[in-house]
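As structure tokens, the structure follows; a few thoughts come after it.
All of the numbers you see were taken from the coordinates with simple rules; none came from a lab. Note that the structure is a prediction, hence the values are computed from the model and not measured. Here Cβ is always computed from backbone atoms with ideal geometry, including for glycine, and neighbour counts include all displayed protein chains.
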Amino acid sequence: MSLERYLKYIHTVRYLKVQQIFGRVIRPFKNVNTTPVVGLVIREPVKSFTPVRLNKRSMYESGRFVFLNETGVLAEWNDPQRSKLWLYNLHYFDDLNSGDASTRYEQHQGLIRRWIEENPPVFGNGWEPYPVSLRIVNWIKWFLYHGHAEQSHLSSLGLQSKVLMQT
């Protein structure tokens, strides 16, 4: 390891709590319970849900996405040609709550189905705690707004929540 790289590590680690350092060392070896969650239902809301749509549109025709002023097509969810931050934005599903999201209902349904099919539990960028936490919120807002969700969507949402609680 070069001296420059060593100094970067020291400079970064000195601000962390012991618990954070321990967590970074242990996390890759931690067994996460990924048994499916079944039987989830959306209960009738007490009040109607009107989302605040502040996000900019990021999903366009032909599977094109724009994140960080960079346009790309969804070839794979963990594309090594894309930056980690770009892939994180892809996994957030912020477009579900963008200003004109209701015009892309079918595309969003397809995107959610594709994410569930192509992202096995706890593998890849989409299962890291930060993307999971944002995706859970975006999916819940979208399901509440539309008033229904497929059982596979609810099962995936339950599993993502379960995994997040363990990480």
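Once you wrap a convex hull around the alpha carbon atoms of region 1-98, what is its projected area averaged over all directions, in nm²?
12.0
Checking the cross-link filter: which lysines have an alpha carbon closer than 17 Å to that of residue 30, excluding same-chain neighbours under 8 positions apart?
Those lysines meeting the cut-off are 162.
If each residue's Cβ is checked for other Cβ atoms within 10 Å, how do 47, 141 rank with the fewest at the top?
47, 141
Treating each Cα of the chain as an identical point scatterer and ignoring solvent, apply the Debye formula and state log10 I(q)/I(0) at q = 0.14 Å⁻¹.
Reported log10 I(q)/I(0), two decimals: -0.84.
Which of the lysines could a cross-linker span from residue 56 if the Cα-Cα distance has to be under 21 Å and same-chain partners fewer than 8 positions apart are dropped?
Filter leaves 84, 141.
Relative contact order for the chain using alpha-carbon pairs under 8 Å, separation at least 6, rounded to a whole percent? Intermediate values should be presented prior to the final figure.
On the way: 150 pairs, mean separation 51.8, N = 167.
Normalised by residue count, the contact order of the chain is 31 percent.
What angle, in degrees between 0 and 90 and rounded to the nearest 10, separates the Cα long axis of helix 151-166 from the longest principal axis of the Cα atoms of the chain?
It is inclined by approximately 30 degrees.
For a footprinting-style exposure proxy, rank 163, 132, 41, 13 by other Cβ within 10 Å, fewest first.
By the 10 Å Cβ count, ascending: 41, 13, 163, 132.
Given the options 83, 163, 69, identify the residue whose Cα lies farthest towards the positive end of the charge dipole of the chain (+1 on Cβ of Lys, Arg; -1 on Cβ of Asp, Glu).
The residue sitting most towards the positive pole is 163.
Mind sorting 59, 165 by how few other Cβ atoms lie within 10 Å of their own Cβ, fewest first?
If I rank by nearby Cβ atoms, fewest first, I get 165, 59.
Order the peptides 84-93, 70-79, 31-40, 111-120 from the highest to the lowest mean number of other Cβ atoms within 10 Å of their residues.
Descending mean neighbour count gives 84-93, 111-120, 70-79, 31-40.
Taking region 54-142, how much of its Cα-Cα pair set, in percent, is spaced more than 21 angstrom apart? Write out the running numbers ahead of the final one.
Details: 839 of 3916 pairs.
Value for region 54-142 (Cα pairs over 21 Å): 21 percent.
For residue 31 and residue 54, calculate 0.36 nm times their separation in residues minus their Cα-Cα distance, and state this gained length in nm to one decimal.
Details: separation 23, 0.36 × 23 = 8.28 nm, distance 3.71 nm.
Residue separation times 0.36 nm, minus the Cα-Cα distance, leaves 4.6 nm.
Which residues does the label zone of residue 165 cover in region 1-37, counting backbone N under 15 Å from a point 7 Å along Cα→Cβ?
Zone members listed by number: 32-37.
Could you calculate the contour length gain from residue 9 to residue 107, that is, 0.36 nm times the residue separation minus the distance between their Cα atoms, to one decimal place in nm?
Gain on extension, residue 9 to residue 107, equals 31.0 nm.
What nm distance separates the two modelled labels at residue 140 and residue 114, each placed 7 Å from Cα along Cα→Cβ?
Going from the residue 140 label point to the residue 114 one covers 2.6 nm.
Quick query: amide H of residue 55 versus all other amide H atoms, modeled in the peptide plane; which residues come in under 5 Å with a sequence gap of 5 or more or a different chain?
99
What does the charge count near residue 115 come to, summing +1 for each Lys or Arg and -1 for each Asp or Glu among other residues with Cβ under 13 Å from its Cβ?
-2
Placing unit charges on C-beta atoms (Lys and Arg positive, Asp and Glu negative, everything else neutral), compute the dipole magnitude of the chain about its Cα centre in debye, rounded to 20.
So the dipole magnitude of the chain works out to roughly 740 debye.
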